[in-house]
Amino acid sequence: MKHALVTGASRGIGLHIAVELLNQNFRITGTARSTGFPDALLAHRHFKGIHTDLADLSSLFSSLKPLVEKDLPDVLVNNAGIFRRADFLVSDDEWIAAWDETMQVNLRASSLSYQWRIVYAVNRQ
Ligand SMILES: NC(=O)c1ccc[n+]([C@@H]2O[C@H](COP(=O)([O-])OP(=O)(O)OC[C@H]3O[C@@H](n4cnc5c(N)ncnc54)[C@H](OP(=O)(O)O)[C@@H]3O)[C@@H](O)[C@H]2O)c1
């Protein structure tokens with residue numbers, strides 16, 4: 001049975017992707033930041049959910065990286081993403097905080113997890 005890792009599987013598009021992949025006989029590891037996973041996933045014996053904050057490097061290194069290493073996903077769906085509004089009239093600190101969080105979640109976390117997926121796959125060959 002193939003394994004798919006789907007980030008942001010607690011709701012929205014990621015939830016639908018996870019359900020669809022379960023229907024296609026994948027084993028799913030789904031991630032969320034804090035929201036509980038819905039019954040549509042929890043009721044399925046081939047679903048496992050983990051909570052990790054993709055903006056937080058220590059959380060990535062303690063949960064996502066070991067997961068990719070120990071249970072190499074055949075499919076990696078980097079779906080989780082955020083959109084933070086940052087009006088030009090907010091303070092520099094507020095604008096930079098919104099920018100940093102967006103880059104951390106939308107780019108850094110997905111790039112790192114793709115990198116880990118590739119490195120561990122190459123190391124197994
Ligand atoms: N919806 C649209 O119209 C649209 C259009 C273009 C692109 N997209 C992209 O498609 C993707 C999914 O969109 P969506 O509307 O389905 O999103 P959503 O409903 O807001 O769900 C976002 C998912 O990402 C997780 N997440 C957010 N921040 C996180 C963090 N810091 N650490 C870990 N997980 C985090 C959330 O977990 P929690 O539930 O725990 O918060 C949730 O599971 C995003 O990348 C979005 O940018 C969406």
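Bear in mind these aren't lab numbers, they're just calculated from the coordinates by the rules spelled out. Keep in mind that what you see is a predicted model, and the values were worked out from it rather than measured. We place every Cβ from the backbone using ideal geometry, glycine too, and count neighbours over all the protein chains shown.
Computed values, structure above
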quantity: Segments 34-44, 86-96, 60-70 sorted - mean Cβ within 10 Å per residue, highest first; calculated: 60-70, 34-44, 86-96
quantity: Fully extended contour minus Cα-Cα distance, from Asp74 to Tyr120, at 0.36 nm per residue; calculated: 15.4 nm
quantity: Largest-first ellipsoid semi-axes for the chain, taking √(5λ) over the Cα gyration tensor eigenvalues, angstrom; calculated: 27, 18, 11
quantity: FRET efficiency, Met1 to Asp56 (Cβ-Cβ, R0 30 Å, nearest 0.05); calculated: 0.45
quantity: Only Lys, Arg (+1) and Asp, Glu (-1) charged, at Cβ; the chain dipole about Cα centre in debye; calculated: 700
quantity: Ranked packing of 20-31, 107-118, most packed first, by mean Cβ within 10 Å; calculated: 20-31, 107-118
quantity: Rough spin-label spacing in nm, given labels placed 7 Å along Cα→Cβ, for His44 and Ala97; calculated: 3.6
quantity: Separation in nanometres of the label points that stand 7 Å from Cα toward Cβ, at Lys65 and Asn23; calculated: 3.7
